[in-house]
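Structure, as structure tokens:
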Amino acid sequence: MTVRGFRASIARPAAALWVELTEWHRQIYAAPEIGGDDPGAAFDEHLERIGPENLWVAEEGGRVVGLAGLIRGGEDLELEPVVVSESCRGRGIGRALAGAVLAAAGDAPVIVRPVGRNAEAIRFFHSVGFDVLSRVELLRHAWDRWQPAERIADRVFRA
């Protein structure tokens, strides 16, 4: 497995990973409308917004199997997304991608914003060093898909 910078020639396989990530969000929220009719178009928008120099891919056997990005917003740096093809998970690919992004960030603080319901992502980010709880964002929403999930400050929150 090799981690390298993004190249225009691998845009379609990278977009396919974005679609896979969108599908995961659709599943965990039971919301098929997430990402709209063409979630691959959102990848193109993301690429244009952050720039190809802020994306890394993992390749294995000539195939793109992972994608990670670094969003630079003034002083804020955000690791977003990290996605590994489902068939390749559990082999250290996400860890290698996160490492490449964090190396590019140097000593600057980097944030991640996994959705509250995505326990798998929260465990992953914690395992690669994201162990400071800096801010909690609470949402008032009547959507019935939110489920009791997390306990913080002796209160149960839906995710």
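Just to verify a result, which residue in segment 15-60, among those that are at pLDDT 95 or above and not in a helix (DSSP H, G or I), is farthest from the chain's Cα centre (by Cα)?
The selected residue is Glu60.
With the structure loaded, tell me whether Glu60 is surrounded by fewer than 18 Cβ atoms within 10 Å (Cβ to Cβ) and touching a Cys at 6+ places or on another chain (Cβ under 9 Å) or whether it fails that test. Break it down into steps so the answer makes sense when it comes.
Working: surrounded by fewer than 18 Cβ atoms within 10 Å (Cβ to Cβ): yes; touching a Cys at 6+ places or on another chain (Cβ under 9 Å): yes.
In short, yes.
Are any of the residues in segment 101-119 hydrophobic (A, V, I, L, M, F, W, C), touching a Gly at 6+ places or on another chain (Cβ under 6 Å) and modelled with pLDDT of 95 or more? Reasoning before the result, please.
Here is the first cut: in segment 101-119, the ones hydrophobic (A, V, I, L, M, F, W, C) are 101-105, 108, 110-112, 115, 119.
If we keep only those that are touching a Gly at 6+ places or on another chain (Cβ under 6 Å) as well, we get none.
Within segment 101-119, not a single residue is hydrophobic (A, V, I, L, M, F, W, C), touching a Gly at 6+ places or on another chain (Cβ under 6 Å) and modelled with pLDDT of 95 or more.
For Arg95, state whether it is in contact (Cβ under 8 Å) with a residue 12 or more places away in the chain and in a loop (DSSP other than H, G, I, E, B).
Against the criterion (in contact (Cβ under 8 Å) with a residue 12 or more places away in the chain and in a loop (DSSP other than H, G, I, E, B)), Arg95 does not qualify.
Which one is surrounded by the most Cβ atoms within 10 Å (Cβ to Cβ), of the residues in segment 71-92 that are in contact with a helix residue (DSSP H, G or I) (Cβ under 8 Å, 6 or more places away or on another chain) and part of a strand (DSSP E or B)? Walk me through it before giving the result.
Kept after step one, since they are in contact with a helix residue (DSSP H, G or I) (Cβ under 8 Å, 6 or more places away or on another chain), are these residues of segment 71-92: 71-72, 77, 79, 81-86.
Then keep just the ones that are part of a strand (DSSP E or B); that gives 71-72, 77, 79, 81-84.
Values: Ile71: 19, Arg72: 16, Leu77: 20, Leu79: 21, Pro81: 20, Val82: 23, Val83: 26, Val84: 24.
Taking the candidates together, the pick is Val83.
Take Ala68 and tell me if it is at pLDDT below 95, of a type in the set (A, V, I, L, M), surrounded by 15 or more Cβ atoms within 10 Å (Cβ to Cβ) and within 15 Å of the chain's Cα centre (by Cα). If you could, list the steps in order and put the result at the bottom.
Values: at pLDDT below 95: no; of a type in the set (A, V, I, L, M): yes; surrounded by 15 or more Cβ atoms within 10 Å (Cβ to Cβ): yes; within 15 Å of the chain's Cα centre (by Cα): yes.
Considered against the rule, which asks whether it is at pLDDT below 95, of a type in the set (A, V, I, L, M), surrounded by 15 or more Cβ atoms within 10 Å (Cβ to Cβ) and within 15 Å of the chain's Cα centre (by Cα), Ala68 comes out as no.
Filter segment 134-159 for residues that are farther than 27 Å from Val83 by Cα, at pLDDT 80 or above and part of a loop (DSSP other than H, G, I, E, B) and give the result.
Arg140, Ala153, Asp154
In segment 105-133, what residues are buried (at least 17 other Cβ atoms within 10 Å of the Cβ) and part of a helix (DSSP H, G or I)?
Of everything in segment 105-133, those that are buried (at least 17 other Cβ atoms within 10 Å of the Cβ) and part of a helix (DSSP H, G or I) turn out to be Ala121, Ile122, Phe124, Phe125.
Restricting attention to segment 14-48, and to residues there that are in contact (Cβ under 8 Å) with a residue 12 or more places away in the chain and of a type in the set (D, E, K, R), which single residue is farthest from Trp146 (Cα to Cα)?
Asp44
The values are calculated or read from the model by the stated rules, or taken from the named source; none is laboratory data. Here the structure is a predicted model, which means the values were calculated and not measured. Neighbour counts run over all protein chains shown; Cβ positions are idealised from the backbone, glycine included.
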